[in-house]
Amino acid sequence: MIEVNGLTKVYGENMALNGVSFSVAKGEVIGFLGPNGAGKSTTMRIIAGSLGASAGSAKVGGFDVAEHPKKVQAILGYAPETPPVYGNMRVRDYIEFAATLKGVAQVSDAALRAMKMVGLEDVQSRIIENLSKGYRQRVGLAQALVHDPQVLILDEPTSGLDPAQRVEIRHLIQTLAEGDRTVVLSTHVLGEIEALCNRVMIINGGVLVTTDAQTQIAAPGRVVHVEVARPEDGFEATLRSLDGFRDLGRKGDAYVVRGERDLREDVARAALSYGLLELSGRERLEDIYLRLTARSSS
């Protein structure tokens, strides 16, 4: 549904994107991660057609973004981090205005449907600038959804929200991702990526460092998290002696064991005599993110 090939963006002497290529299939929900300034927003803005590329191409639904912008806009909804709303307008008027700009046939019906999807019915007559930030985020989502797009790009949709508002928006995104709608979600909240996405892309310094599925970035058992009640020196030596051992990290009473093969059974057996408290056989997304961004920055 999305095809990006050799995407490059240069601002003066600064290369924001350097030959980025990836594809997103219909119905996929993709998490797009990276440090601030890594190129996430630039990539999403180019795909959405609000920014031109220096080189390379982006296609949505088979249409080149640069050559067929109107066709792309008809099937794509984009909600940037700061919603593009007019604060002095009423919610319903603004959503109807957005529907008109996007060429929707039944403007009133489309606006009502979008407001219902994001839970804005009760505030549709209120002035946007008088709403809480959580509701303003919903207004931004509604304008992105008013034409019922096949592809949805969300840039930091929960930025600046309190925990309760973040949960509400997360549940909303889960609903939006159901069915065959394609979603690209950028956020610094890794828990949201783990809860909502079936694949992760990580970008750093304008270069894509992985496009692997969460379950494929680290093979099960090759990274084992283990916590014991009695973290004595002998336990660390035992872990290092395991067949297939590669390296070891430690945080307090918890250890991270990396191996050349599935080490879960061997680590569990070794940990029993030291008071096994917890064992997990898959690398956490936070560790993957830190490892890949640190490695590509060095």
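Taking 0.36 nm per residue of separation and subtracting the Cα-Cα distance, what length does fully extending residue 284 through residue 241 add? Kindly include the intermediate steps, with their values, before the conclusion.
Working: separation 43, 0.36 × 43 = 15.48 nm, distance 2.40 nm.
So the chain would gain 13.1 nm between residue 284 and residue 241.
Among 250, 181, 166, determine the one that fluctuates most according to a GNM of the chain built with springs between C-alpha atoms less than 10 Å apart.
Comparing 250, 181, 166 in a Gaussian network model of the chain, the most mobile one is 250.
Determine the calculated [θ] at 222 nm for the chain from helices alone, applying -39500 (n - 2.57) to every DSSP H run no shorter than 4 residues and normalising by the residue count; nearest 500 deg cm²/dmol.
Numbers: 11 runs with 107 residues, N = 298.
-10500 deg cm²/dmol, from helical runs alone.
Can you pick out the pairs among 40/102; 9/40; 59/102; 26/59; 40/251; 26/70 whose Cα atoms lie more than 23 Å from each other? Mind showing how you got there, number by number?
Values: 40/102 25 Å; 9/40 12 Å; 59/102 19 Å; 26/59 13 Å; 40/251 31 Å; 26/70 20 Å.
Beyond 23 Å between Cα atoms: 40/102; 40/251.
Take residue 254 and residue 116, extend 7 Å from each Cα along the Cα→Cβ direction, and tell me the distance between the two endpoints in nm.
Those two pseudo-labels are separated by 4.4 nm.
Expressed as an acute angle from 0 to 90° and rounded to the nearest 10, what is the orientation of the C-alpha long axis of helix 163-176 relative to the principal long axis of the chain?
Long axis of 163-176 versus the principal axis of the chain: about 70 degrees.
Looking at the chain, what % of its DSSP beta bridges pair antiparallel, to the nearest 5? Spell out each step's value before the answer.
Working: 33 of 50 bridges.
DSSP beta bridges in the chain are roughly 65 percent antiparallel.
For segment 1-72, what log10 I(q)/I(0) values come out of the Debye formula at q = 0.28 1/Å, with one point per alpha carbon and no solvent?
The computed values of log10 I(q)/I(0) come out as -1.42.
Considering the dipole of segment 2-215 built from charges on the beta carbon (Lys and Arg +1, Asp and Glu -1) around the Cα centre, which of 172, 128, 190 is farthest to its positive end?
128
Measuring from centroid to centroid over Cα atoms, what is the spacing of segment 223-251 and segment 70-129 in Å?
Using only Cα atoms, the two centres lie 54 Å from each other.
By counting other Cβ atoms within 10 Å of each Cβ, how are 68, 171 ranked from fewest to most? All intermediate terms of the calculation are to be shown ahead of the outcome.
Numbers: 68 16, 171 13.
Ranking 68, 171 by Cβ neighbours within 10 Å, fewest first, gives 171, 68.
Can you work out the FRET efficiency for the pair residue 229 and residue 189, with r the C-beta to C-beta distance and R0 = 30 Å, to the nearest 0.05?
Numbers: r = 32 Å, r/R0 = 1.06.
Efficiency, from the Cβ-Cβ distance: 0.40.
With the Cα gyration tensor of segment 119-225 in hand, give its eigenvalues times 5 under a square root as the equivalent ellipsoid semi-axes, listed largest first in whole angstrom.
On the way: eigenvalues 183, 46, 35 Å².
Taking √(5λ) for each Cα gyration eigenvalue gives 30, 15, 13 Å.
Between 240, 199, 264, find the one with the highest GNM mean-square fluctuation for the chain; connect C-alpha pairs within less than 10 Å.
In this elastic network of the chain, the residue with the biggest mean-square fluctuation among 240, 199, 264 is 240.
As an exercise, find the ratio Rg/Rh for the chain from alpha-carbon atoms, using the Kirkwood inverse-distance average for Rh. Intermediate results must be reported in sequence, preceding the final value.
Numbers: Rg = 22.7 Å, Rh = 21.2 Å.
We get a ratio of 1.07 for the chain.
Angle between the Cα long axis of helix 107-118 and the longest principal axis of the chain, 0 to 90 degrees, nearest 10?
The answer is roughly 20 degrees.
Label residue 106 and residue 64 with points 7 Å out from Cα along Cα→Cβ: what is the distance between them in nm?
3.7
So, how do all the Cα-to-Cα distances of segment 219-282 break down into 10 Å bins, in percent, from 0 on up?
Whole-percent P(r) values from 0 Å outward: 25, 64, 11.
Only the coordinates and a few stated rules stand behind these numbers; no lab work does. It should be emphasised that the depicted structure is a prediction, and the values quoted were computed from it without experimental measurement. Don't worry about glycine lacking a Cβ; one is built from the backbone with ideal geometry, like all the others, and counts go over all protein chains shown.
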